[in-house]
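Here the structure is laid out as structure tokens; the discussion comes afterwards.
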Amino acid sequence: MTKAKLVFDPFSEDFFNGAYETYRRMRDEAPVYYSEEYDFYALTRHEDVAPAFKDFETYSSAYGVDLSMVKAGGVPEGQKSIIFMDPPQHRQMRSLLNKVFTPRAIEAQKPMVIAKVQKYLSRVDPEGFDAVQEFTAPFPVEVITTMLGVPEEHAQQVRLWIDESLHREIGQVDNSEKAMQINIETGMFYYDLVQKRRAEPKDDLFSKLIAAEVEREDGTKAKLDDIDIAGFATLLGAAGAETVTKLVGNAVYMFAKHPDQWQKLLDDRSKIPGAVEELLRYEPPAQYNVRRSMRDVHLHGTTIPEGKPVFLIGGSANRDHLAWTDADKFDIDRDRTEAQNLGLGYGIHSCLGAALARMESAIALEKLLDFMPRYEVDFEGCQRVHMQNVVGWQNVPVKVLR
Ligand code: HEM
């Protein structure tokens, strides 16, 4: 029997549903995969993806980190953001943000995170609710917008904007007209808030970013301008809300599939951080990040020419059986030192919000364990999102069992 042609399409049902079987074939049959349809390359083996994330000289972020931007030759005007920077610019911006995102500053948010988690969990009907729509979607966006200093009544609007801008129909590479309009509106919304904070500072991220200074290579200092801050706020909204939503939504789904693992958490809450790491490994909400090749790369007998989009697929590397024992097994007790988990990225762009992401997810799991020690999911009713680079559930219908 001849095998079906190996095709990885990041804008297909296969990707939206978690393309783990396709990734396995890519690792085995085409470790440097080339997409004829979209003209991009993809790395899938852990031994290739992890070093590529670190090698920013070869794999640049400065032309964008999704296919649409890299193909278009760069980031659209006005969408300045740390995630689209290479050193030295990236180093300057990251060191500034590290001063604002200190472990202490994140720890100080804990009571607020608990309050947001409880606010939404206390509203759901145990007899039947949608774990994503009613719980995992609304709380993370409120956490990040509260930290930023966005008035609470606008938080859910921000989420709907992000959903729209990440949404993709099958085969759709670029943002829709509507999404582009929304991106402009989002930028203007934040720009306006920055102006307000300049006039009247508060104890929030906007005010801290206004006060912070970047140190340039020559030692001189500069402040962030309003467009820098609005761009960063847009990124935080997307990076900080969508991903936690997907991780916790997936937790509800995965633990219903693996009740023995849920029982382990019920028996021993100290396993929660390990469970968060396993969720990040098993199905990372951000499946891949795109880079632009800055030179010809020779790897596994293939040449990636300079100037091409290259997908670094962490979602595949995290399931690579050469890196992990029983890579396809969901096991909250697994040996986490076996390989680098790429769920929160790696190298200079590794997730700035990692501590916050871990804290939010751990608190959500803790409260879910209290709220629904036994529960069932209507698997037939579960629906996946259709998004660029993000995988996860749109709906996970749950009933709490007595
Ligand atoms: C489960 C939740 C999360 C996941 C899976 C996740 C994943 C990632 C990944 C894979 C990257 C690397 C992007 C790249 O290499 O191009 C990244 C970067 C980033 N994340 Fe997260 N993230 C999460 C939560 C958060 C939160 C809560 C925040 C907000 C505070 C945040 C803010 C950022 C920022 C600002 C960057 C860019 C860092 C840089 O370019 O130096 N993320 N994240």
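Since every read-out is calculated from the coordinates, none of them should be taken as a lab result. Treat the numbers as computed from the prediction; the structure is a model and nothing was measured. Virtual Cβ from ideal backbone geometry, glycine too; neighbours counted across all protein chains shown.
The figures follow:
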read-out	value
Bins of 10 Å, starting at 0 and running to the largest distance - Cα pair percent for the chain	5, 22, 33, 27, 12, 2, 0, 0
Debye log10 I(q)/I(0) at q = 0.20, 0.21, 0.28 Å⁻¹ for the range 26-71, Cα point scatterers	-0.76, -0.82, -1.14
Helix-only [θ]222 nm of the chain, DSSP H runs n ≥ 4, -39500 (n - 2.57) each, per residue, nearest 500	-14000 deg cm²/dmol
Candidate aspartates and glutamates for bridging to LYS80, where Cα separation is under 16 Å - those fewer than 8 sequence places away on the same chain excluded	ASP66, GLU185, ASP225, ASP226, ASP228
Trypsin sites (Lys or Arg not before Pro) lying in DSSP loop within the range 1-68, provided at most 15 other Cβ fall within 10 Å	LYS3, LYS5
Inter-label distance, nm, simple model (7 Å from Cα along the C-beta direction), LEU401/ARG374	0.6
Longest to shortest principal axis, alpha-carbon extents of the range 1-152, angstrom	55, 50, 31
Taking only Cα atoms of the range 86-225, radius of gyration then Dmax in Å	18.1, 62
Separation of the GLU21 and GLU134 label points, Cα + 7 Å toward Cβ, nm	3.4
Among the listed pairs LYS271/LYS367; LYS99/LYS221; LYS71/LYS223, those beyond 20 Å (Cα-Cα)	LYS71/LYS223
Cα-projected label distance for GLN195 with GLN118, points at 7 Å along beta-carbon direction, nm	3.9
Exposed GluC sites (Glu not before Pro) absent: longest stretch of the chain, with sites in DSSP loops and at most 15 other Cβ within 10 Å deemed exposed	218-305
Rotationally averaged projected area of the range 344-388 (alpha carbon convex hull; nm²)	5.1
